[in-house]
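A.B. asks: My questions will all concern the structure given below.
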Amino acid sequence: MIGNDIIDLSLAQSESNWQRKGFLEKQFTENEHQLVLTASNPLVLVWRLWSMKEAAYKAYVQQNELRFFAPQKFDCQLISEKDGLVYFKNKIFYTSSIITRDYIFTLASITKTTKAYSELVRPESIDSMIKIKLEDITKYSALKIEQKKTKNRAPSYYYKNILLTKSCSISHHGNYAVFSLLHN
């Protein structure tokens, strides 16, 4: 299973007040809180950690079909400028983040070697771009590929009754959207 998240940094900077009293304590573990307070760029680190938590949450929910809100229960560990781990209950999620001046994109998976396909797209074209990619992979017509949501609202893509995606995650924020998928 995979999960992803994208953060539009200009929107996050203008619309979020992560420095307000209580925000860090409510959303982050004590370890993460300390990382943010000592970071050279705390804004970027706040949103990288948030993106890691959100991506891991999406991967977890796909496996367990249970939606909830508990960001502080997801504990992030930074391994490098790009890679990280997120711990939740007895599970470990492996994350990889791309950080640009405009956005942060994170992909989380339940195995270290998962090879997912991800593509940054315009928010209004995300569904059609997923279908076009699946057409390219499977040779089934994009016009006949359908999205169906699972009980927990995770997207799955089908051609007739044939499941085309093992796991699919969609994220959008501000000017950015991304999809990630594992295909059958």
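A.B. asks: What number goes with the only condition from (1) touching a residue at least 60 places away in the same chain (Cβ under 8 Å); (2) in a helix (DSSP H, G or I) that Leu37 does not pass?
C.D. replies: (1) is the only condition that Leu37 fails.
A.B. asks: Can you name the residue in region 57-105 that is of a type in the set (S, T, N, Q) and not in a helix (DSSP H, G or I) and is also surrounded by the most Cβ atoms within 10 Å (Cβ to Cβ) among such residues?
C.D. replies: Taking region 57-105 as the starting set, the residues that turn out to be of a type in the set (S, T, N, Q) are 62-64, 72, 77, 80, 90, 95-97, 100.
Then keep just the ones that are not in a helix (DSSP H, G or I); that gives 77, 80, 90, 95-97, 100.
On the way: Gln77: 16, Ser80: 8, Asn90: 5, Thr95: 27, Ser96: 19, Ser97: 23, Thr100: 9.
So, considering only residues that are of a type in the set (S, T, N, Q) and not in a helix (DSSP H, G or I), the one surrounded by the most Cβ atoms within 10 Å (Cβ to Cβ) is Thr95.
A.B. asks: Out of Glu25, Glu32, Glu54, Glu15, report the one residue that is more than 19 Å from Val86 (Cα to Cα) and either charged (D, E, K, R) or touching a Ser or Thr at 6+ places or on another chain (Cβ under 8 Å) (or both). Give the steps one after another, and end with the answer.
C.D. replies: Working: Glu25 fails: more than 19 Å from Val86 (Cα to Cα); Glu32 fails: more than 19 Å from Val86 (Cα to Cα); Glu54 fails: more than 19 Å from Val86 (Cα to Cα).
The unique qualifying residue is Glu15.
A.B. asks: Of these, Ser80, Ser141, Ser96, Ser118, which one is touching a Lys or Arg at 6+ places or on another chain (Cβ under 8 Å) and modelled with pLDDT of 95 or more?
C.D. replies: On the way: Ser80 fails: touching a Lys or Arg at 6+ places or on another chain (Cβ under 8 Å); Ser141 fails: touching a Lys or Arg at 6+ places or on another chain (Cβ under 8 Å); Ser118 fails: touching a Lys or Arg at 6+ places or on another chain (Cβ under 8 Å).
It is Ser96.
A.B. asks: Also, I was wondering about something else. Could you please tell me which pairs satisfy a Cβ distance under 7 Å, a separation of 6+ or placement on different chains, a first residue in region 75-94 that is closer than 12 Å to Ala108 by Cα and assigned by TED's automatic domain parsing to the domain that holds Met52, and a second residue that is modelled with pLDDT of 95 or more and among the basic types (Lys, Arg)?
C.D. replies: Cys76/Lys53; Val86/Lys53
A.B. asks: If I filter region 60-74 for residues that are farther than 26 Å from Ser156 by Cα and either without any contact (Cβ under 8 Å) to a residue 60 or more places away in the chain or more than 16 Å from the chain's Cα centre (by Cα) (or both), do I get at least one hit? First the steps, then the outcome.
C.D. replies: The initial filter retains those residues of region 60-74 that are farther than 26 Å from Ser156 by Cα, namely 72-73.
In the following step, the residues that additionally are either without any contact (Cβ under 8 Å) to a residue 60 or more places away in the chain or more than 16 Å from the chain's Cα centre (by Cα) (or both) were identified as 72-73.
Within region 60-74, one or more residues are farther than 26 Å from Ser156 by Cα and either without any contact (Cβ under 8 Å) to a residue 60 or more places away in the chain or more than 16 Å from the chain's Cα centre (by Cα) (or both).
A.B. asks: Give me the residue from region 57-69 that is of a type in the set (A, V, I, L, M) and at pLDDT 85 or above and, out of that set, farthest from Gly84 (Cα to Cα).
C.D. replies: Of region 57-69, the ones of a type in the set (A, V, I, L, M) are 59, 61, 66.
Next, only the ones that are at pLDDT 85 or above stay: 59, 61.
On the way: Ala59: 15, Val61: 19 Å.
Taking the candidates together, the pick is Val61.
A.B. asks: Could I ask something else about it? Kindly evaluate Val121 against the criterion of being in contact with a helix residue (DSSP H, G or I) (Cβ under 9 Å, 6 or more places away or on another chain) and either under 18 Å from Leu11 (Cβ atoms) or surrounded by 13 or more Cβ atoms within 10 Å (Cβ to Cβ) (or both). It would help to see each step written out before you state the result.
C.D. replies: Details: in contact with a helix residue (DSSP H, G or I) (Cβ under 9 Å, 6 or more places away or on another chain): yes; either under 18 Å from Leu11 (Cβ atoms) or surrounded by 13 or more Cβ atoms within 10 Å (Cβ to Cβ) (or both): yes.
The answer is yes for Val121.
A.B. asks: Right, here's the next one. Between a residue in region 106-117 that is buried (at least 24 other Cβ atoms within 10 Å of the Cβ) and any residue that is acidic (Asp, Glu), which pairs come within a Cβ distance under 9 Å, given they are 6 or more apart or on different chains?
C.D. replies: Thr106/Asp5; Thr106/Glu54; Leu107/Asp5; Ala108/Asp5; Ala108/Glu54
A.B. asks: Among residues belonging to region 148-167 that are assigned to a strand (DSSP E or B) and in contact with a helix residue (DSSP H, G or I) (Cβ under 7 Å, 6 or more places away or on another chain), point out the one that is nearest to Phe68 (Cα to Cα). Spell out how you get there, then give the answer.
C.D. replies: Pass one, region 148-167, residues assigned to a strand (DSSP E or B): 148-149, 155-159, 162-163, 165-167.
Add one more test, that the residue is in contact with a helix residue (DSSP H, G or I) (Cβ under 7 Å, 6 or more places away or on another chain), and what stays is 157, 159, 167.
Values: Tyr157: 24, Tyr159: 30, Ser167: 19 Å.
Across region 148-167, the extreme among qualifying residues is Ser167.
The values are calculated or read from the model by the stated rules, or taken from the named source; none is laboratory data. The structure presented is a predicted model; accordingly, all values stated were derived computationally and were not measured. Don't worry about glycine lacking a Cβ; one is built from the backbone with ideal geometry, like all the others, and counts go over all protein chains shown.
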